[in-house]
Amino acid sequence: MVRIVQSRTFHYWKATAGLLLALALLTCGTAATPGPLRKSPNQYRYFDDPGGKAVYLAALYPGNLLQDWTGTPRDWDQYMEFLERAGVNATKFVVRTRLHATPTIWERTGPGTATDGGLRVDLDKLNPVYFDLLSSRVQELETRGYYIVVMFFNGFDAKKKPNDDRWGLNPLNSLNNINGIHGD
């Protein structure tokens, strides 16, 4: 079962609902990870599994596990070995919405050109390549007994900083989508 521990949504509720539905359909729990966690009523630093057993999440987040935004994709098998050696029970996927993160969440169909020179994004069309990759990695992690935190719509990709045009590369910027959505 995929667990969403943190989520940040923008004004485009339809895209959010579609992403969450796609995520909910990815997998069903396994014996290794028996189901969704809930906040423990007895320990503020712990979660409880469906059987009431306390679970303390010890996670690693090394960056581009699902998408390449650096030009150097991570070696998935090497990361699996690293998780085992580290002795953790969770990992985190941060979904990058910037246009240069590949694969993108939405299909780039155009018409028109986005600010990065590629086709503009259609926010009504989820990219099956992205969700197939997410599904296969979540399933492998669950089979190995790891909890997975997936953070959609992080605020990092919308911040406006001097000399860093993250918002300019965001699909929710009206210059980058064909749907007329401006999430600012």
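Only the coordinates and a few stated rules stand behind these numbers; no lab work does. What you see is a predicted model, and the numbers here were worked out from it, not measured in a lab. Cβ atoms come from the backbone with ideal geometry, glycine included; neighbour counts cover every protein chain shown.
Over segment 28-133, the fraction of Cα-Cα pairs per 5 Å bin, rounded to whole percents and listed from the shortest bin up, is 2, 11, 14, 16, 15, 13, 12, 9, 5, 2, 1. Cross-link partners of Lys39 among aspartates and glutamates, defined as those whose alpha carbon lies under 19 angstrom from its own and excluding same-chain residues fewer than eight positions apart: Asp48, Asp49.
Each peptide among 53-61, 101-109, 38-46 gets the average number of other Cβ atoms lying within 10 Å of its residues, and from highest to lowest they stand as 101-109, 53-61, 38-46. Multiplying each eigenvalue of the alpha-carbon gyration tensor of segment 106-148 by 5 and taking the square root yields semi-axes of 31, 9, 7 Å, largest first, rounded to whole angstroms.
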